[in-house]
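Read through the structure below, which is laid out as structure tokens, and then see the notes.
The values are calculated or read from the model by the stated rules, or taken from the named source; none is laboratory data. What you are looking at is a predicted structure, and each value in this text was computed from that prediction instead of being measured. Positions of Cβ are generated from backbone atoms using ideal geometry, with glycine treated the same way; all protein chains shown enter the neighbour counts. For the accessible areas, the whole protein counts, side chains as well, though only heavy atoms, and no ligand, DNA or RNA atoms are used. Shrake-Rupley method; radii C 1.70, N 1.55, O 1.52, S 1.80 Å.
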Amino acid sequence: MKRLCSLLLAFIATLCLFCACSEPEEETGVYTVTFTQEGQADIVKEVESGEALTDIPTPVGKDGYDVAWNTTNFSKITGNLTVTAVATPKTYVITYTYDPRLDNAYEVTLEKTTQSVVYNTQFTLATATASNAEKTLIFQGWVDEETNEPVVAGTYDFTRDITLVAQFGVADVEWS
């Protein structure tokens with residue numbers, strides 16, 4: 001009888017050991033993945049536990065910004081998830097130039113030929129000079145090569161790279 005009890009206890013101990021070492025069962029059910037973006041209605045997707053979400057919505061674009069989700073791995077959904085759109089301002093380039101006809105009569109100097117600027121941030125424009133042995137032209141500012149509109153320093157709100165052309169004038173001469 002002792003032998004039978006010992007075998008039975010050994011069997012129960014072995015069974016308990018195997019049960020304690022087994023992997024926990026994977027949760028089952030349906031989870032929600034909520035895509036949220038400022039100024040937009042939330043988009044809610046349902047996914048079976050452990051499955052991949054393949055129908056990923058595209059975030060709404062925003063002028064001057066790259067917009068992307070803050071999460072990109074949807075290969076195995078194991079719980080409810082909120083995904084947020086992040087807008088990162090784009091960097092643009094200002095190219096400085098001048099009317100090439102000035103090359104025949106003046107030496108033109110640009111403070112710089114290019115400048116990187118971040119959308120919706122403050123920027124300062126470069127300066128330019130033009131002179132020859134007889135006179136110096138007065139730098140009057142910059143115009144957008146594409147629109148011919150004046151451009152001044154401030155907040156960069158162009159949604160493209162721009163080329164600015166230096167504008168010069170002749171100094172008023174006072175006669176005595």
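Given Cα pairs under 8 Å that are at least 6 residues apart, what percent is the relative contact order of region 80-176?
Numbers: 174 pairs, mean separation 29.7, N = 97.
It rounds to 31 percent for region 80-176.
Can you pull the Kirkwood radius for region 116-176, inverse mean 1/r over Cα pairs, to one decimal in Å?
13.5 Å
Note down the relative contact order for region 54-130 as a percent, whole number, built from C-alpha pairs under 8 angstrom at least six residues apart. List each step's numbers first, then the result.
Values: 89 pairs, mean separation 20.7, N = 77.
Dividing the mean separation by the residue count of region 54-130 yields 27 percent.
Rank these residues by their accessible area, most exposed first, probe 1.4 Å: Tyr98, Tyr31.
Listed by decreasing accessible area, they come as Tyr98, Tyr31.
Which value, in Å² and to the nearest 10, is the accessible area of Tyr106 when all protein chains are kept and the probe is 1.4 Å?
40 Å²
Over the heavy atoms of Phe158, what accessible area does a 1.4 Å probe trace out, to the nearest 10 Å²?
50 Å²
When the solvent-accessible surface of protein heavy atoms is calculated with a 1.4 angstrom probe, in what order do Arg160, Arg101 fall, highest first?
Largest accessible area first, the residues go Arg101, Arg160.
Could you work out how much longer the chain between Ala87 and Thr147 gets when fully extended? Use 0.36 nm per residue separation minus the Cα distance between them, nm to one decimal.
Stretched fully, the Ala87-Thr147 segment lengthens by 18.8 nm.
Which net charge results when you count Lys and Arg as +1 and Asp and Glu as -1 among the other residues whose beta-carbon is under 15 Å from that of Ala130?
With Lys, Arg at +1 and Asp, Glu at -1, the net is -3.
Quick query: amide H of Gly141 versus all other amide H atoms, modeled in the peptide plane; which residues come in under 5 Å with a sequence gap of 5 or more or a different chain?
Gln167
Put +1 on the Cβ of each Lys and Arg and -1 on the Cβ of each Asp and Glu in region 40-123; which of Phe74, Val118, Gly61 then has its Cα farthest toward the positive end of the dipole?
Val118
Under a 5 Å amide H to amide H cut-off, with H placed in plane at 1.01 Å, what residues pair with Thr163 once short-range neighbours are removed?
Close amide H contacts, sequence-distant or interchain: Thr95, Glu145, Glu146.
Would you mind computing Rg(Cα) / (2.2 N^0.38 Å) for region 49-126, counting N as its residues?
Here the Cα radius of gyration is 1.97 times the empirical estimate.
Could you please put Leu110, Leu164 in sequence from largest to smallest accessible area, using a 1.4 Å probe?
From most exposed to least exposed: Leu110, Leu164.
Quick check: the distance between the Cα centres of region 125-149 and region 45-90, to the nearest angstrom?
After rounding, the separation between the Cα centres reads 48 Å.
What is the percent of Cα-Cα separations in region 40-171 that go past 26 Å?
48 percent
Val170: accessible area at probe 1.4 Å, nearest 10 Å²?
Around 100 Å² of this residue is reachable by solvent.
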